[in-house]
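Novice: Here it is: the structure, laid out below.
What follows draws every value from the coordinates through simple rules; no lab data is involved. All figures in this text were calculated on a predicted structure; none of them were measured in a lab. For neighbour counting, all protein chains shown are included, and Cβ atoms are generated from backbone atoms with ideal geometry for every residue, glycine included.
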Amino acid sequence: ALAKKASSIPEEQFLYYVREGQRSEIKEITNVLMDSFHHGSQPTFDSYIKRYKYNHLQMCFDAIPDCDRGLFVACAVPASSSSLDEEKEQIVGFCSVDGRTPDPSCKIEFLTPSTLAGTSPRPYLSDLGVCVVHRRRGIGNKLVHACEQWTIKRGYEKLYLKVEKKNVGGIGLYSALGYKKTKLPWGKDTGGVDGRWDTTVLMEKYVDESMQNERKKRTWIKNQLWKPIKNSVDRCSARVTNGPP
């Protein structure tokens with residue numbers, strides 16, 4: 001989910017672009033996520049959560065095949081640079097997309113409601129974060145777009161994400177980019193007791209317009225042609241059935 005917005009503005013002007021992240025950049029990416037999601041946190045908490053995020057990134061780079069995940073960084077270089085100088089580049093944002101096929105041995109019907117609440121359909125966008133002083137520069141849009149292009153190239157129809165219900169800014173960003181609120185595709189109620197298990201909103205987007213247009217076409221044919229014909233046949237059958245002996 002997107003971290004809260006900030007009003008800080010960098011004094012120097014920058015050019016921003018997105019590229020794939022590298023394993024050697026885990027430390028820098030961890031710092032970005034800490035600044036984005038836990039800006040100004042206490043030292044004890046900071047140390048614990050930073051170690052967790054670092055280990056999670058290591059897992060993403062090492063344990064998930066390249067073809068099943070996209071890890072993208074947003075970079076900034078001074079606008080005064082004549083070219084994209086890597087030596088002056090700094091990582092200011094991050095986002096990931098998980099496209100792994102769910103484990104077939106993990107049966108949905110065997111999961112508890114609390115486990116289901118934390119389960120997300122794939123491909124799944126997560127960890128979208130931007131450094132505080134570089135926000136409101138369109139970086140979030142660029143990162144989401146990179147994840148969407150990754151999704152399209154791998155032949156997926158939709159991209160999913162979760163955002164905290166109280167994160168009005170994040171919901172607004174994703175809605176503006178075409179994401180809509182949806183429910184888990186396996187159709188089980190995952191709200192838990194009084195909704196305590198899940199405080200997020202699941203959103204989805206058809207990232208491939210050709211697939212979406214084809215789906216709309218099939219829906220139109222079904223509603224405008226097939227259903228009227230079926231209803232007419234059903235009425236005729238009813239007359240024959242209920243007619244005089």
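Novice: With each label point set 7 Å from Cα along the Cα-Cβ vector, what nm distance links Arg154 and Ser175?
Specialist: Spacing of the two 7 Å Cα→Cβ label points: 2.9 nm.
Novice: Along the range 145-160, what does the Karplus equation 6.51 cos²θ - 1.76 cosθ + 1.60 (θ = phi - 60°) give for ³J(HN,Hα), rounded to whole Hz, x for Gly and Pro?
Specialist: 4, 4, 5, 5, 5, 4, 5, 5, 4, 9, x, 7, 8, 10, 10, 10
Novice: Right, here's the next one. Counting only residues 5 or more places away or on other chains, whose amide H sits under 5 Å from the amide H of Lys158 once H atoms are built in the peptide plane?
Specialist: Val207
Novice: Further, regarding this structure: Between beta-carbons, use under 13 Å as the cut-off and find the net charge around Asp46, counting Lys and Arg +1, Asp and Glu -1.
Specialist: On the way: positive: Lys50, Arg51, Lys53; negative: Asp35.
Local net charge: +2.
Novice: Between their Cα atoms, which of Lys158/Lys183; Lys27/Lys142; Lys180/Lys222; Lys27/Lys158; Lys88/Lys158; Lys181/Lys230 are more than 25 Å away from each other? Mind dumping the intermediate values first?
Specialist: On the way: Lys158/Lys183 13 Å; Lys27/Lys142 22 Å; Lys180/Lys222 23 Å; Lys27/Lys158 31 Å; Lys88/Lys158 36 Å; Lys181/Lys230 32 Å.
Beyond 25 Å between Cα atoms: Lys27/Lys158; Lys88/Lys158; Lys181/Lys230.
Novice: Sort the following peptides by mean Cβ neighbour count (other Cβ atoms within 10 Å, averaged over residues), highest first: 130-138, 49-57, 229-237. Could the numbers behind the result be given before it?
Specialist: Working: 130-138: 19.7, 49-57: 15.7, 229-237: 10.0.
Result, highest mean Cβ count within 10 Å first: 130-138, 49-57, 229-237.
Novice: Further question on the same structure: Which stretch or stretches of the range 45-64 have amide N atoms under 14 Å from the point lying 7 Å from His38's Cα along the Cα→Cβ direction?
Specialist: Only 45-57 fall inside the zone, counting backbone N under 14 Å.
Novice: Here is a follow-up. Sorting check: for 88-95, 221-228, 60-67, 13-20, which peptide has the highest mean count of neighbouring beta carbons within 10 Å, and how do the rest follow?
Specialist: Details: 88-95: 21.0, 221-228: 10.4, 60-67: 12.0, 13-20: 15.0.
Descending mean neighbour count gives 88-95, 13-20, 60-67, 221-228.
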